[in-house]
């Protein structure tokens, strides 16, 4: 992991990363952590700890996510995640799924917050996750992708500060992220 430089609050970046299952959100967030020293946070990790479930059990995370959304608890999930973001350190947040997520982070970090939307076609997304254990068949992947908890993700696309097309190699994604960081740094 890269060293985490302390930054004045006015110079830090908090980047929220949204996109459909398999688009490359986690790859982008982990890259920001290892290459650029960003603190790494995941909505699914906060949700798993809050509800005491295995963070790798995607079906259970979706079930609990539906419960959180249906019960109006998305603001509480955001409060819990925001409380984990370290002061004065760049942070990358994986897995925004709801407009409330974007609104909460934007309100908490105002000019420091950027929303990055990672986009990839369905076939490419399936190829990203196939064989990694989570989705053992295309039907399971498609079912997860159509779950109600995933259906508001695309509403975040027009709110994004930048949309990255992830149709090439992992190195291409990393190059796009490096360019995005340079651009975001010029803005803060």
Requested in this report: Kindly list the number of the only condition in (1) in contact with a strand residue (DSSP E or B) (Cβ under 9 Å, 6 or more places away or on another chain); (2) buried (at least 17 other Cβ atoms within 10 Å of the Cβ); (3) closer than 28 Å to residue 64 by Cβ that fails for residue 152.
Outcome: (1)
Requested in this report: Go through the range 1-95 and tell me which helices (runs of 4 or more DSSP H), entirely inside it, have 1 or more residues that are in contact with a strand residue (DSSP E or B) (Cβ under 7 Å, 6 or more places away or on another chain) and modelled with pLDDT of 95 or more.
Outcome: 25-36, 74-83
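Could you grab me the full set of residues in the range 31-73 that are free of Cβ contacts under 8 Å to residues at least 12 places away in the same chain and closer than 22 Å to residue 109 by Cβ?
Start the filter on the range 31-73 by keeping residues that are free of Cβ contacts under 8 Å to residues at least 12 places away in the same chain, which leaves 45, 49, 52-54, 57, 60, 63, 67, 70-73.
Hits for the range 31-73 are 45, 49, 73.
Being closer than 22 Å to residue 146 by Cβ and exposed (fewer than 15 other Cβ atoms within 10 Å of the Cβ) is the filter here, so list the residues in the range 64-90 that pass it.
Just the residues of the range 64-90 that are closer than 22 Å to residue 146 by Cβ, to begin with: 64-71, 74, 77.
Correct list: 66, 67, 70, 71.
Residue by residue, here is whether (1) in contact with a strand residue (DSSP E or B) (Cβ under 9 Å, 6 or more places away or on another chain); (2) within 22 Å of residue 62 (Cα to Cα) holds:
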| position | (1), (2) |
| --- | --- |
| 99 | no, yes |
| 106 | yes, no |
| 136 | no, yes |
| 157 | yes, yes |
Query raised in the report: Got at least one residue in the range 74-96 being under 17 Å from residue 16 (Cβ atoms) and free of Cβ contacts under 8 Å to residues at least 24 places away in the same chain?
Result: yes
Query raised in the report: Which members of the range 119-149 meet the condition of being surrounded by 13 or more Cβ atoms within 10 Å (Cβ to Cβ), under 18 Å from the mean Cα position of the chain (by Cα) and under 17 Å from residue 95 (Cβ atoms)?
Result: 119, 120, 125, 128, 129, 134, 144, 145, 147, 149
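The values are calculated or read from the model by the stated rules, or taken from the named source; none is laboratory data. Since the structure is predicted, the reported quantities are computational estimates derived from the model, not experimental observations. We place every Cβ from the backbone using ideal geometry, glycine too, and count neighbours over all the protein chains shown.
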